[in-house]
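Participant: Could you have a look at this structure, given as structure tokens, before my questions?
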Amino acid sequence: MKKLLKKQISKNLLVKNFRRMWPFIKPFWVRAVIGVLLTIPVGALDGVVAMFLKPFMDKVMVDKQPHFSAIIPFLIVGFTIVQGILIYSSNYVNTWVAQKITQTVKRRLYKKLLSMDTSYFDKNNSGTILFRFASDADTAANGLIDNTKQFLSKSFSSIALVGVLLYNSWQLALIAIAVLGLFIYPMTIVRKKMKEILNKTVTSSSLLMTIYNETFAGNKTIRSFTLEETLTRKFHEATDYLFYLSMKMVKSTNWLSPLMHIIMSIGVALVIGAGSYLIVSGKITSGNFVAFIAALMMLYTPLKSVGNNYISIQNSFLAIDRIFELLDMEPVIQDAPTAKELREVKKAVTFEHVHFEYVPGREVLHDINLNIPVGTTAALVGNSGGGKTTISALLPRLYDVTKGAVKIDGSDIKDISQASLRRQIAMVFQDNFLFSGTIRENILLGNEQADETSIWTALKNACLDEFVKGLPNGLDTEIGERGILLSGGQKQRLAIARAFIKNAPIVILDEATSALDNKSERVVQEALDNLMKNRTVIVIAHRLSTVQNADKIVVINDGRIAEEGKHEELLKQNGAYAALYTMQFKDKK
Ligand SMILES: Nc1ncnc2c1ncn2[C@@H]1O[C@H](COP(=O)(O)OP(=O)(O)O)[C@@H](O)[C@H]1O
Ligand SMILES: [Mg+2]
């Protein structure tokens with residue numbers, strides 16, 4: 001039976017998946033083996049119980065030997081107690097191993113997630129990430145261990161029971177085994193169907209996760225646009241599809257169990273017919289026959305659960321496939337083996353003939369040349385969608401240039417280690433991500449070693465010290481998830497304080513004041529001016545008034561540099577900058 005079943009879970013698949021999971025199992029292999037070994041007697045003891053029926057029948061019922069009837073009940077209870085202890089220990093050990101493996105897989109996956117490129121996060125939605133990184137690990141490791149345990153225990157139970165069958169009557173055993181062999185074909189069909197449906201289920205479950213996530217993050221937008229109905233519709237569609245898939249799964253796989261039942265009953269019927277003949281002709285005793293029938297009936301439970309396990313093992317194999325798809329992914333942006341550490345910026349940041357495309361074939365930056373001497377400020381202005389943010393994202397290597405090079409002091413940033421490059425750059429955006437926790441914790445993200453004095457200096461430079469002093473809990477005030485308890489201007493200044501304490505020589509400001517009202521903009525602008533002092537700065541500004549004093553203003557239109565120079569020069573040229581300027585000036589009036 002075991003052999004037949006093993007053929008079923010095609011050998012390759014089993015071996016392949018165990019081999020892939022081996023690095024995760026290896027540290028715990030001793031316990032894993034103990035756990036597996038413990039399941040063997042648990043299964044095999046099933047056979048012992050059936051075995052007892054033969055002497056009971058022959059010696060007690062037929063020969064009327066009383067001393068035998070006294071022992072048997074004790075033996076049965078004794079064996080069951082032993083079996084119970086074994087079940088408990090094997091569950092304990094196997095859960096331990098499964099949880100340890102899950103933990104290791106999750107840690108590896110999380111490390112991978114953190115190493116992925118910005119473009120990976122652009123392309124995948126949060127639901128997919130949640131689903132694949134969080135729940136697949138459970139399905140894979142728990143499913144694998146749990147089902148292997150069950151599978152082995154039930155297989156050994158089946159083997160022991162088949163042993164009992166053979167011992168009592170090989171003729172009847174052959175009939176039974178032949179009938180049970182009929183299970184194999186339907187199992188193959190079920191496997192194929194399952195794989196198909198499970199893949200679809202995973203995709204649409206991820207969609208559901210994304211909706212939950214967006215409902216959470218986009219709560220205010222949903223309220224203000226009264227999107228409740230739209231989202232409800234979307235959610236209903238997704239759940240309808242999941243319902244359809246579940247039903248399809250039941251329809252196309254659940255006939256397996258009743259079918260096995262029917263086949264089993266055919267087996268029992270045949271055995272009873274043939275068995276009566278064998279008893280009458282004196283080839284077997286009635287004890288043989290009773291033990292045989294009991295074993296055959298008992299065989300049904302392990303066989304059925306082997307069938308179910310078989311389905312769940314498929315499920316965890318599929319999860320393993322998906323996990324390894326993630327683990328095998330390599331971030332596109334990686335440190336060169338010869339990458340150097342960037343310790344300071346002495347001369348300049350330069351963009352040389354830089355071209356860039358997010359999507360192959362659709363270039364968004366064309367031949368950008370830019371020289372920003374150390375300690376100066378370059379302001380990028382221009383129409384929205386022109387490529388300003390993209391230019392600034394190339395410097396910390398959130399994306400890599402498609403052609404050309406970004407250089408610091410003459411060396412290509414691709415030859416510098418990413419960590420050391422990013423340590424030299426502080427960024428402030430229009431919408432900064434603050435982590436839940438206290439003000440202190442958020443500032444320390446800029447520099448974990450900073451002491452109290454530098455925190456207060458940073459706060460002062462970010463024009464936030466008065467505000468924090470006025471709070472009852474001061475630095476230890478909780479700011480809520482994403483800093484929800486702070487106003488826009490306060491959030492912005494906290495982000496600036498975080499950038500301050502990082503004390504990086506290069507600063508990138510991307511429309512850092514655009515989301516603010518005039519009053520908070522003035523305070524934040526003051527904080528930004530402090531941050532820009534004596535640093536090499538790329539500042540992207542929506543309002544031209546804030547960048548008039550920049551050492552160099554660069555007008556970016558449709559991915560190209562249209563103009564470049566100082567405020568007065570550009571105004572005199574009466575070109576793109578002058579046009580932008582007049583337009584904003586008019587708006588003001
Ligand atoms: N993650 C992205 N994936 C694909 N295209 C993008 C992505 N981010 C921006 N773009 C496209 O690149 C172009 C430049 O965008 P961006 O640099 O944000 O402009 P700006 O900051 O000047 O408003 C736009 O056409 C935009 O649609
Ligand atoms: Mg932008």
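The values are calculated or read from the model by the stated rules, or taken from the named source; none is laboratory data. Note that the coordinates shown come from a computational prediction; the quantities given were computed from them, not determined experimentally. FYI the Cβ positions are ideal-geometry reconstructions off the backbone, even for glycines, and counts take in every protein chain you see.
Participant: Kindly provide the set of residues from region 533-542 that are away from ligand 1 (no atom under 14 Å from the Cβ) and touching a residue at least 12 places away in the same chain (Cβ under 8 Å), ordered by number.
Facilitator: Of all residues in region 533-542, those away from ligand 1 (no atom under 14 Å from the Cβ) come to 533-537.
Listed by number, the residues that qualify are Asn534, Arg535, Thr536, Val537.
Okay, residues lined up against (1) surrounded by 20 or more Cβ atoms within 10 Å (Cβ to Cβ); (2) not aliphatic (A, V, I, L, M):
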{"residue": "Ala295", "(1), (2)": "yes, no"}
{"residue": "Lys304", "(1), (2)": "no, yes"}
{"residue": "Ser312", "(1), (2)": "no, yes"}
{"residue": "Glu330", "(1), (2)": "no, yes"}
{"residue": "Ile333", "(1), (2)": "no, no"}
{"residue": "Glu344", "(1), (2)": "no, yes"}
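Participant: Tell me, please, whether a residue that is of a type outside the set (A, V, I, L, M, F, W, C), in a helix (DSSP H, G or I) and in contact (Cβ under 8 Å) with a residue 40 or more places away in the chain can be found in region 168-179. Can you show your working first?
Facilitator: Narrowing region 168-179 to residues of a type outside the set (A, V, I, L, M, F, W, C): 168-169, 171.
Those left that are additionally in a helix (DSSP H, G or I): 168, 171.
From what is left, the residues that are in contact (Cβ under 8 Å) with a residue 40 or more places away in the chain are 168, 171.
Yes.
Participant: Oh, and also: Does any residue of region 503-520 turn out to be within 16 Å of ligand 1 (Cβ to nearest atom), modelled with pLDDT of 90 or more and buried (at least 23 other Cβ atoms within 10 Å of the Cβ)?
Facilitator: So in region 503-520, the residues within 16 Å of ligand 1 (Cβ to nearest atom) come out as 508-515.
Add one more test, that the residue is modelled with pLDDT of 90 or more, and what stays is 508-510.
The next check asks that each one be buried (at least 23 other Cβ atoms within 10 Å of the Cβ); those that pass are 508-509.
Scanning region 503-520 turns up at least one residue that is within 16 Å of ligand 1 (Cβ to nearest atom), modelled with pLDDT of 90 or more and buried (at least 23 other Cβ atoms within 10 Å of the Cβ).
Participant: Mind checking which pairs have a first residue in region 334-347 that is farther than 9 Å from Ser417 by Cβ and a second that is surrounded by 10 or more Cβ atoms within 10 Å (Cβ to Cβ) and among the hydroxyl-bearing types (Ser, Thr, Tyr), Cβ under 8 Å, 6 or more apart or different chains?
Facilitator: What qualifies is Arg343/Ser420; Val345/Thr536.
Participant: Does any residue in region 391-402 that is more than 15 Å from ligand 2 (Cβ to nearest atom) come within less than 9 Å, Cβ to Cβ, of a residue that is acidic (Asp, Glu) and assigned to a loop (DSSP other than H, G, I, E, B) six or more places away or on a different chain, and which pairs are these?
Facilitator: Correct list of pairs: Asp400/Asp117.
Participant: Also, I was wondering about something else. Take Leu296 and tell me if it is over 24 Å from the mean Cα position of the chain (by Cα), away from ligand 2 (no atom under 16 Å from the Cβ) and under 30 Å from Phe52 (Cα atoms).
Facilitator: Values: over 24 Å from the mean Cα position of the chain (by Cα): yes; away from ligand 2 (no atom under 16 Å from the Cβ): yes; under 30 Å from Phe52 (Cα atoms): yes.
When the stated conditions are applied, Leu296 passes them.
Participant: Does Lys414 qualify as being assigned by TED's automatic domain parsing to the domain that holds Leu485, more than 16 Å from ligand 2 (Cβ to nearest atom) and within 36 Å of the chain's Cα centre (by Cα)?
Facilitator: So Lys414 passes the test.
Participant: I need the full set of residues from region 222-238 which are surrounded by fewer than 14 Cβ atoms within 10 Å (Cβ to Cβ) and modelled with pLDDT of 80 or more, in order please.
Facilitator: We begin by selecting, within region 222-238, every residue surrounded by fewer than 14 Cβ atoms within 10 Å (Cβ to Cβ); these are 223-226, 228-230, 232-233, 236-237.
Scanning region 222-238 gives Arg223, Thr226, Glu228, Glu229, Thr230, Thr232, Arg233, His236, Glu237.
Participant: Is one or more of the residues making up region 192-206 of a type in the set (A, V, I, L, M, F, W, C) and over 21 Å from Ser316 (Cβ atoms)? Can you show your working first?
Facilitator: Just the residues of region 192-206 that are of a type in the set (A, V, I, L, M, F, W, C), to begin with: 194, 197-198, 202.
The next check asks that each one be over 21 Å from Ser316 (Cβ atoms); those that pass are none.
For region 192-206, residues of a type in the set (A, V, I, L, M, F, W, C) and over 21 Å from Ser316 (Cβ atoms): absent.
Participant: Could you check region 526-545 and list, in sequence order, the residues that are buried (at least 20 other Cβ atoms within 10 Å of the Cβ) and not in a loop (DSSP other than H, G, I, E, B)?
Facilitator: Here is the first cut: in region 526-545, the residues buried (at least 20 other Cβ atoms within 10 Å of the Cβ) are 527-528, 531, 536-541.
Of everything in region 526-545, those that are buried (at least 20 other Cβ atoms within 10 Å of the Cβ) and not in a loop (DSSP other than H, G, I, E, B) turn out to be Ala527, Leu528, Leu531, Thr536, Val537, Ile538, Val539, Ile540.
Participant: Could you list, in sequence order, the residues of region 100-134 that are without any contact (Cβ under 8 Å) to a residue 12 or more places away in the chain and either crowded, with 16+ Cβ neighbours inside 10 Å or not basic (Lys, Arg) (or both)?
Facilitator: First, pick out the residues of region 100-134 that are without any contact (Cβ under 8 Å) to a residue 12 or more places away in the chain: 103, 107, 111, 114, 121, 123-124.
Within region 100-134, Gln103, Leu114, Phe121, Asn124 qualify.
Participant: If I ask for residues that are more than 15 Å from ligand 1 (Cβ to nearest atom), buried (at least 16 other Cβ atoms within 10 Å of the Cβ) and part of a strand (DSSP E or B), which ones from region 358-404 would you list?
Facilitator: Within region 358-404, Ile372, Thr377, Gly404 qualify.
Participant: Hand me the list of helices (runs of 4 or more DSSP H) wholly inside region 418-492 holding 2 or more residues that are among the hydroxyl-bearing types (Ser, Thr, Tyr) and over 28 Å from the mean Cα position of the chain (by Cα).
Facilitator: Result: 452-461.
Participant: Taking Ile408, is it surrounded by 18 or more Cβ atoms within 10 Å (Cβ to Cβ) and free of Cβ contacts under 8 Å to residues at least 60 places away in the same chain? Full working, then the answer.
Facilitator: Working: surrounded by 18 or more Cβ atoms within 10 Å (Cβ to Cβ): yes; free of Cβ contacts under 8 Å to residues at least 60 places away in the same chain: no.
Answer is no for this residue.
Participant: Residues of region 13-27 being surrounded by fewer than 17 Cβ atoms within 10 Å (Cβ to Cβ) and within 16 Å of Val93 (Cα to Cα), which ones?
Facilitator: Lys26, Pro27
Participant: Now a separate question. Given (1) modelled with pLDDT under 80; (2) among the hydrophobic types (A, V, I, L, M, F, W, C); (3) more than 30 Å from Gly181 (Cβ to Cβ), where does Leu256 come up short, assuming only one miss?
Facilitator: (3)
Participant: Return a yes/no flag: does region 268-283 have any residue that is under 30 Å from Phe18 (Cα atoms) and hydrophobic (A, V, I, L, M, F, W, C). Outline the logic, then answer.
Facilitator: Residues of region 268-283 that are under 30 Å from Phe18 (Cα atoms), as a first pass: none.
There is no residue in region 268-283 that is under 30 Å from Phe18 (Cα atoms) and hydrophobic (A, V, I, L, M, F, W, C).
Participant: Right, next: Please specify each residue of region 546-589 satisfying the condition of being among the hydroxyl-bearing types (Ser, Thr, Tyr) and without any contact (Cβ under 8 Å) to a residue 60 or more places away in the chain. Talk me through it step by step, then tell me what you get.
Facilitator: Taking region 546-589 and keeping what is among the hydroxyl-bearing types (Ser, Thr, Tyr), we get 546, 577, 581-582.
Listed by number, the residues that qualify are Thr546, Tyr581, Thr582.
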